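Contents: one structure, followed by commentary.
The values are calculated or read from the model by the stated rules, or taken from the named source; none is laboratory data. Everything numeric here is computed off the predicted structure, so don't read it as measured data. As a convention, Cβ positions derive from the backbone with ideal geometry for all residues, glycine included, and neighbour counts pool all protein chains shown.
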Amino acid sequence: MPGRPRGRGGGGSAGGAAPLPAQPRSRPGGAVRTAVPGPDRVLWDSGVPPAVVLVPGGAAWPGGAKGRTVRDFSASKFHQVLCIGMQASMTESRRKAEPFYWLSVAKPKTSSEIVNEARDVLRTKPTLIISEKKDEASVFLPTPPPDAAEVRKVSSAWKGLLRTTSQKDLFSAKAVPLDQNEVKLDFEEPAMMMNNLDRSNNNCLAEQKLYTSFNDESRQLICNEHTSRSGTEDSMEGTPGKFSLQLQGERSALVKYGLKDETGVNEWEEEDFFWHTKILPILRELEKREDNIEHLCLACTKLYQALDEGNMLGKRFKRRNVLLKTLYKLVDIDSDPLSLKLAKIILAMKVDGKNLLGVCKLAFKICRNKKNDFIVQNDTLLDYLLQVLWNEDLQANNEALVYCMAAIKFMSENDALLYKMVSKGAVEMFLELMKQINNIKEHDTYFSKLSHLLVQVTATLRILADCPLARRRLSDSGAIPELCVALEQRGSDKDTCIWIVRVLSKLSTYNDFCAALADCSRCYVLFLALLNKYQKQQDLVIRIIFILGNLTAKNDQSREQFFKEKESINTLTSLFQTYYELDLNALTWHHDRKGKGKKDGKYPSKAEDVLIKLIRVLANLSIHPKVGTALAAAHPLVGLLVTVLEYKSVDACEELVINAATTINNLSYYQVENSAVQNEKLRIAEMLVKMLMSYNMDAVVEAVRVFGNLSQHHEIRDFIMQKKIYKFMIALLDSKNREVCFPACGVLLNLTVDEDKRAFLMEEGGIGKLVDCLQDFGPADWQLSCLICKTLWNYSEGTTSTASCFGGDTDTLLLLLTAFLDEEVELECSLDRDIKDCQRIYWEREFKPVAEKLLDRIQSHHSSS
């Protein structure tokens, strides 16, 4: 009795811990192996049940940039202020000729008087005159032209006083030791970075001198000019030509006509007061307590709270450079809790360029250490790293984003942080980042550099794929198509391909993702191309094969679509041959060493693992009639399957042998011309006997199933009788297990086709065991009951006496057949409606016709006897 082809599942997940280019931290877990289910089932690798927590939309980032509005000054306005400053140095006689009011400098004034006078002057506006040139406006002050000598004098004085406060190169080149062509995540010890900071402290701390007293004639002018994000961090934002001018000292008498209103002066006063009363004392405290980590951490906490309270987080804080310099001096202290506090404040100040790279390295160093999980979990570093990931330019800050993403990857290994980042929309953020990377084409100079960032993104997605909350986000955001695009673009980069395939292999264990992957029409082409290109890269090959096994496990369309791809079967055959040889060589090596270095028998070797999953794909493909017919005639492929049964024992690798037997069973179902299975049937039968002799029940059942199909050929029936295998089949009827009894009964049915082989049933007590099976399963399984009746029908052909044919089981058989043909009995035995409908159809079409004929034959000969 031939059995329908069945699919096979794979053992274990193809996932793993994501590495980092330097000093990766290992986590418990790794590849997960599952028990081999019953051979009649299509095995499907399952995952944790999905659930979801939605991310609130439009949530503001914590610790975002806070600061004051900076007014924009045009070049003409700057010229106006410059002219006003020049007027302040002119002689008294010269001043009398001008129509403007000038502040008196006859004697020193208090700060309050200076501010009041400045407010009075702000009420006086200069005259705006539009020039005759088109689209050009400037401010002219109606003053007599100064002589050339005075202009030169004032100009020289101006150049001496004009200084640009910059934070350029706070992290020196030594802080970024990575080669431009290769990103290495080795965190350089902060001491080397800080040595360069110490050498530049005198310049950067010059602002502290602003609070010293000046003589009556001195005035100090500070000009803070904004520079580009690539190299510097300044106290205010703007563009070249936009300036904020301040006169500092006890006699700040320079008047800014029309540039500040009363609110601006008040804001500056408030910030200045807050700096002196709240921030500066904490900075001094930080400088004094370098020997006490606990006090430094507490001071950093107070500093962050004070900065947040004073709206001084971000780029617009005027004394930002002084603050950052103080923090950078503490980075070289070897304390992860302190580094965490410092990193959070520095990120909150919105640094960029090399400073951003340095702080991302610092965050990576902290998160890499598993011991820091608790302190990271109870802080807001994650929020700032996600903010960096979302806001920073992909190309300009590629290296910093690599370290940032690597730190987030380590965080994702902590369950609490993982759920937190998912709730903050991290999944969507990672996919958006992947889309941006995918938009960079291969000819672009940044294409290869972005591979390192893509590795970190996909490594993090692999961890998130285990989380039910994250999987819904991945599904809703269209993760599968984007991963396929990335895989196609990065096909020449083996390492990147491995991590993309890791994500796909995990997601393919869930039905919705598997369906989405099947809808990607080019996925099979991509997988075949990678298999051909990286045939001996076991870690990549095994995951692609794993994915193909999941795709072909339940979807008949996927089976056909893969089969239609060019060279698909040849690719699988080539892989089979390659890994068979690798496994055979490994066996020879172990044998030569007489067991030394022998692999752990509990788990398959790498080559065996590839073969297990590869044969599973073949078994699933063979379920499709068109594909199965073609595979049955593929002699090299069938030859390799038989070879596996020859050189591998069940004890050596159970799953590999059982998968090979299942595939042969599926292929033996197809009766085609030039069938390789039929040509090898006697060789296969010899291998099956070894499986029957094992103590593994799954292997025994699989071998019986193959005999069920092969016993349609008289050569195999003769082989079964010659080897006494029929006795084994009769003994299996006592198992009371449907999965065992059904294939055993199929073999017995085929044996009764030959008249000269029917007598064995009575000799070995086969009739009584068949009747017992009919009584045990009966209405619960009309398919098996039908098979039993067909066997008894064949067996009783040509009989003249039921007593001699069925012996003492005749009356029991009559009672059972009469009862089972009663429609009311059939209806009572099925409770579930769907099962009841299916059972009714099978009872009417299959069981009833055979049972009625068998009952008539028994009754007719029973009455005559």
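Give me a count of the residues in region 672-705 that are assigned to a loop (DSSP other than H, G, I, E, B) and either in contact with a Phe, Trp or Tyr (Cβ under 6 Å, 6 or more places away or on another chain) or free of Cβ contacts under 8 Å to residues at least 40 places away in the same chain (or both). The total comes to 2. Tell me, which residue of region 348-375 that is touching a helix residue (DSSP H, G or I) at 6+ places or on another chain (Cβ under 8 Å) and assigned to a loop (DSSP other than H, G, I, E, B) is farthest from N321 (Cα to Cα)? That would be N369. Against the test of being among the aliphatic types (A, V, I, L, M) and either modelled with pLDDT of 80 or more or part of a helix (DSSP H, G or I) (or both), the options L254, L298, L259 yield a single qualifying residue, L298. Considering region 731-742, and only residues there that are within 22 Å of T662 (Cα to Cα) and of a type outside the set (G, A, S), the residue that is surrounded by the fewest Cβ atoms within 10 Å (Cβ to Cβ) turns out to be N737. Scan region 541-549 and give yes if some residue there is in contact (Cβ under 8 Å) with a residue 12 or more places away in the chain and either surrounded by fewer than 17 Cβ atoms within 10 Å (Cβ to Cβ) or not in a helix (DSSP H, G or I) (or both), otherwise no. No, because not a single residue in region 541-549 is in contact (Cβ under 8 Å) with a residue 12 or more places away in the chain and either surrounded by fewer than 17 Cβ atoms within 10 Å (Cβ to Cβ) or not in a helix (DSSP H, G or I) (or both). Could you say whether any residue in region 643-666 is part of a loop (DSSP other than H, G, I, E, B) and within 19 Å of R559 (Cβ to Cβ)? No; the residues of region 643-666 include none that is part of a loop (DSSP other than H, G, I, E, B) and within 19 Å of R559 (Cβ to Cβ). Assess whether F760 counts as being at pLDDT 95 or above and either surrounded by fewer than 21 Cβ atoms within 10 Å (Cβ to Cβ) or not charged (D, E, K, R) (or both). It is false that F760 is at pLDDT 95 or above and either surrounded by fewer than 21 Cβ atoms within 10 Å (Cβ to Cβ) or not charged (D, E, K, R) (or both). Evaluation of L280 against the conditions (1) of a type in the set (A, V, I, L, M); (2) under 18 Å from K341 (Cβ atoms); (3) assigned to a helix (DSSP H, G or I) shows that the sole unmet condition is (2). Inside region 775-789, residues that are surrounded by fewer than 22 Cβ atoms within 10 Å (Cβ to Cβ) and modelled with pLDDT of 90 or more make up a count of 6.
Select from region 283-295 the residues that are out of contact with any helix residue (DSSP H, G or I) (no Cβ under 6 Å at 6 or more places or on another chain) and either assigned to a helix (DSSP H, G or I) or on the phi > 0 side of the Ramachandran plot (or both) and list them in ascending order. The answer is R284, E287, K288, E294, H295.
Within region 314-333, does at least one residue satisfy the condition of being in a helix (DSSP H, G or I), within 30 Å of L394 (Cβ to Cβ) and of a type in the set (S, T, N, Q)? For region 314-333, residues in a helix (DSSP H, G or I), within 30 Å of L394 (Cβ to Cβ) and of a type in the set (S, T, N, Q): present. Residues in region 394-451 that are among the hydroxyl-bearing types (S, T, Y) and under 21 Å from L357 (Cβ atoms) were compared, and the one that is surrounded by the fewest Cβ atoms within 10 Å (Cβ to Cβ) is T445. Comparison of E655, E680 shows that the only residue that is more than 17 Å from P743 (Cβ to Cβ) and buried (at least 24 other Cβ atoms within 10 Å of the Cβ) is E655.
Among the conditions (1) surrounded by fewer than 24 Cβ atoms within 10 Å (Cβ to Cβ); (2) within 18 Å of the chain's Cα centre (by Cα), V503 misses just one, which is (1). The condition of being in contact with a Lys or Arg (Cβ under 7 Å, 6 or more places away or on another chain), touching a residue at least 60 places away in the same chain (Cβ under 8 Å) and either charged (D, E, K, R) or farther than 20 Å from E739 by Cβ (or both) holds for only one of V627, V642, that being V627.
Among residues belonging to region 758-803 that are over 60 Å from the mean Cα position of the chain (by Cα), assigned to a helix (DSSP H, G or I) and without any contact (Cβ under 8 Å) to a residue 40 or more places away in the chain, point out the one that is farthest from E739 (Cα to Cα). The qualifying residue farthest from E739 (Cα to Cα) is E763.
Pairs are defined by a Cβ separation below 6 Å, a sequence spacing of at least 6 or placement on different chains, a first member in region 281-308 that is within 13 Å of L327 (Cα to Cα), and a second member that is among the charged types (D, E, K, R); the pairs so defined are I282/K302; L296/R289; C297/K341; A299/E285; C300/K341.
For (1) closer than 22 Å to A607 by Cα; (2) hydrophobic (A, V, I, L, M, F, W, C), each residue gets a yes or a no:
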| residue | (1), (2) |
| --- | --- |
| G639 | yes, no |
| A652 | yes, yes |
| I658 | yes, yes |
| N665 | no, no |
| Q671 | no, no |
| V677 | no, yes |
| K681 | no, no |
| A685 | no, yes |
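Counting only helices (runs of 4 or more DSSP H) that sit wholly inside region 428-536, those with at least 1 residues that are over 15 Å from L551 (Cβ atoms) are 450-464, 468-476, 479-489, 494-507, 523-533. Of all residues in region 322-345, those that are farther than 16 Å from N369 by Cα have Cβ atoms under 8 Å from Cβ atoms of residues that are among the charged types (D, E, K, R) and assigned to a helix (DSSP H, G or I), 6 or more apart or on another chain, in V322/E207; T326/E287; K329/D198; K329/E287.
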